[in-house]
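The values are calculated or read from the model by the stated rules, or taken from the named source; none is laboratory data. Computed from a predicted model, the values in this text were never measured in an experiment. With ideal geometry, Cβ positions are generated from the backbone for all residues, glycine too; neighbour counts draw on all protein chains shown. Ligands, DNA and RNA are excluded from the accessible area calculation, which covers all protein heavy atoms including side chains. Shrake-Rupley method; radii C 1.70, N 1.55, O 1.52, S 1.80 Å.
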Amino acid sequence: MSTMNACNRQPLFFLLFSLLVMLVLSCASTGTPTGGPRDTRPPVLDTIRSSRNKQVNVRPELLVFYFDEFVEVKDAIKQVLVSPPLTYIPKVVHRGKRVTFQFDEKEVLKDNATYTINFGDAIVDYHEGNVLSPFSYVFGTGSFLDSLNLEGNVMDARTGEAEKEMIVLLYDNLEDSIVRKEKPLYFTRLNKDGQFLFQNIKSDTFRLLAIKDENLNYRYDLETEKIAFSDSLVILGRASEPSKTLFASLPDPRLKVLAWNAKSYGKVNFLYNARPPDTLDVRISDPNIPFAVEKVQDSLNVYYDTAADSFHLFVGLDTFKVKPKGKADFLKKSRFALKYTSQVSNFPARDSVEIGFSQPLGRFDQSEVSVTDSIGLLEGVKIRLSEDKKAVIVSYPWQPGGRYRLKMPAQRIQSMYGMWNDSISLDLSILPVEKTSGLKIIIEDLDSTAQYVVRVLREQMRLSQQSVNGVTSYSLSYSGLAPDKYNVEIIRDTNGNGRWDPANYWKKSQAEPYFLFKGDKLRENWDSEMKVSLSARKESGVEPKAGQAGLPFSNPLQQKKK
């Protein structure tokens, strides 16, 4: 009887179980599982199982760190920094939830030194890449840990933007040249906001600088390395040292010729290592050989024409022997032609017209160029050659709204190589007054004891440049401008050479203060006023940067109809 009852209950049990499973499945979501919120938490150090931090009287060979999840180490060579620096590269290895730091067996640690191992952004969780930062480990080979700190920030000297890719160095050897010979006693990296922090450093006097270490040797030994440095030594003792702000710039290296090419007749090209070679003087050994010099970015071109077998070019302090070849073939294939015109349609009355050619000009008779209006031939037209002799610049007090025709007859202008021009005819139209803009620029908070270079720029074109000194404020007024954006560039010209100079560590000269104020686009038939102030540097320790909160930027403050 009991057996039969048990057998009868089994079908009922399976029926109830099937109904329960169906109910559960019907209540389940039919959508794709989301997996929950994304993990944004960085790994957490297991302090109990890991090597104990801040030990003294130790010389560890192997350090072990355990975390609460699987981790990996990325870019250890670049990210993991040890101060004082090690002689040999340590091994940083991850496996599962463990990271090991192993000193090279040949490494000899300094006596009575406090070592800081900064892992930077090297340790991340395995699945989401969440960075454990900051994470550092400190130990001392002596009986105590150094406890002093130094903080600050590094900014670009021209833009005022935070530097991110530089390392900051502290030397206890105060010789100027030590930065080239040896690694620093302490070093650290900048964070994403351009800030640095030294911790656990000793009481001493230091030389402080920051470099963009291009060759990763922790020394300032390349001309191409960006640098920032403190004017004064840093003295760390009982009192806290104020936060340091350093301004970084790429130094002007000594100009060097990387390559030169004289294979093509009539032109010698020199390629330089860096900045435009605009300060180089060019001479030629034979005064009877005509030549012209063109400077374009990091190149210098010397054009010449001669029947001589050879001659010497003197470029700066360098001498080059040139042996011209292929003149006949050059003359056969080359053509003297119009290359460009700066503007011919709807340009402001204040502007000149520039006409560029494919070859430098040789014989040029200004009387062969004519400008006419609706009445006839104009007098008082000024015509000159550009500095490189490859362009003709035509100036005239154009009338707003006027129309003109500029002509250069064929066979009247000769290139350096004896070739003649084709005829040129240009129709010029000038912007009417109602299509132009006016602008008054007021510069305030100048230092009356300093000298400044003030430039007004339309995009990259220079509208004007003037030297300013002996005043606390200065104003400029312009009329008949094309309705465009105009910027004001101000350089505190410390050495009076008329241009901005970057820092020079060896001469102990800082980058010259630089200010750039970007303007809004001017409106047609309106006069705008723009005030700029240099006081932001005094208030914040940084250069004014257009659009940066709390700093002045060029914004037309007042506009009125003309």
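Can you say whether Gln510 is among the polar types (S, T, N, Q), in contact with a Phe, Trp or Tyr (Cβ under 7 Å, 6 or more places away or on another chain) and under 19 Å from Ala157 (Cβ atoms), as far as the supplied structure shows?
Working: among the polar types (S, T, N, Q): yes; in contact with a Phe, Trp or Tyr (Cβ under 7 Å, 6 or more places away or on another chain): yes; under 19 Å from Ala157 (Cβ atoms): yes.
Here the answer is yes, as Gln510 does meet what is asked.
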Failed condition for Glu61, given (1) open to solvent by 90 Å² or more (accessible area, probe 1.4 Å); (2) acidic (Asp, Glu); (3) farther than 27 Å from Asp172 by Cα: (3)
For Lys263, all conditions in the list (1) in contact with a Phe, Trp or Tyr (Cβ under 8 Å, 6 or more places away or on another chain); (2) within 30 Å of Ala307 (Cβ to Cβ) hold save one; what is the number of the exception? (1)
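Taking strands (runs of 3 or more DSSP E) that do not extend beyond the stretch 122-203, which have at least 3 residues that are surrounded by 15 or more Cβ atoms within 10 Å (Cβ to Cβ), at pLDDT 95 or above and in contact with a strand residue (DSSP E or B) (Cβ under 8 Å, 6 or more places away or on another chain)?
Values: elements: 123-125, 136-140, 148-156, 167-171, 186-189, 195-201.
Ranges flagged: 136-140, 148-156, 167-171.
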Set Asp286, Asp252, Asp278: member being among the acidic types (Asp, Glu), open to solvent by 70 Å² or more (accessible area, probe 1.4 Å) and part of a loop (DSSP other than H, G, I, E, B): Asp278
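Out of curiosity, is Leu258 in contact with a Leu (Cβ under 6 Å, 6 or more places away or on another chain), assigned to a strand (DSSP E or B) and either open to solvent by 30 Å² or more (accessible area, probe 1.4 Å) or more than 30 Å from Met416 (Cβ to Cβ) (or both)? Full working, then the answer.
Numbers: in contact with a Leu (Cβ under 6 Å, 6 or more places away or on another chain): yes; assigned to a strand (DSSP E or B): yes; either open to solvent by 30 Å² or more (accessible area, probe 1.4 Å) or more than 30 Å from Met416 (Cβ to Cβ) (or both): yes.
Answer is yes for this residue.
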Residue ID - most open to solvent (accessible area, probe 1.4 Å), chosen from residues in the stretch 213-249 that are more than 20 Å from Arg189 (Cα to Cα) and of a type in the set (D, E, K, R): Arg238
So, first residue on the phi > 0 side of the Ramachandran plot and in contact (Cβ under 8 Å) with a residue 12 or more places away in the chain in the stretch 86-104, second residue surrounded by fewer than 15 Cβ atoms within 10 Å (Cβ to Cβ) and not aliphatic (A, V, I, L, M), Cβ within less than 8 Å, six or more apart or across chains; the pairs are Gly96/Phe70
Quick one: is Thr114 closer than 26 Å to Leu148 by Cβ, of a type in the set (Ser, Thr, Tyr) and surrounded by 14 or more Cβ atoms within 10 Å (Cβ to Cβ)? yes
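Is it fair to say Pro360 is touching a residue at least 40 places away in the same chain (Cβ under 8 Å) and closer than 17 Å to Ile430 by Cα? Show your work before the answer.
Details: touching a residue at least 40 places away in the same chain (Cβ under 8 Å): yes; closer than 17 Å to Ile430 by Cα: no.
Judged against the criteria, Pro360 is not a match.
State yes or no: is Val93 at pLDDT 95 or above, over 30 Å from Glu165 (Cβ atoms) and of a type in the set (A, V, I, L, M, F, W, C)? Full working, then the answer.
Numbers: at pLDDT 95 or above: yes; over 30 Å from Glu165 (Cβ atoms): no; of a type in the set (A, V, I, L, M, F, W, C): yes.
For Val93, the condition - at pLDDT 95 or above, over 30 Å from Glu165 (Cβ atoms) and of a type in the set (A, V, I, L, M, F, W, C) - is not met.
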Residue list for the stretch 471-508, restricted to those being closer than 16 Å to Ser249 by Cα and hydrophobic (A, V, I, L, M, F, W, C): Ile491, Trp500, Ala503, Trp506
Only one of (1) under 21 Å from the mean Cα position of the chain (by Cα); (2) among the polar types (S, T, N, Q); (3) surrounded by fewer than 15 Cβ atoms within 10 Å (Cβ to Cβ) fails for Gln510. Which number is that? (3)
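Any residue at all in the stretch 478-490 that's closer than 28 Å to Ala228 by Cβ and over 20 Å from the mean Cα position of the chain (by Cα)? Steps first, answer last, please.
Within the stretch 478-490, the subset closer than 28 Å to Ala228 by Cβ is 487-490.
Now narrow it down to the ones that are over 20 Å from the mean Cα position of the chain (by Cα): none.
No: the stretch 478-490 contains no residue that is closer than 28 Å to Ala228 by Cβ and over 20 Å from the mean Cα position of the chain (by Cα).
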Assess whether Asn301 counts as being among the polar types (S, T, N, Q) and in a strand (DSSP E or B). yes
Every residue from the stretch 315-350 that is open to solvent by 70 Å² or more (accessible area, probe 1.4 Å) and either aromatic (Phe, Trp, Tyr) or under 39 Å from the mean Cα position of the chain (by Cα) (or both): Leu317, Thr319, Lys321, Leu338, Lys339, Tyr340, Ser345, Asn346, Arg350
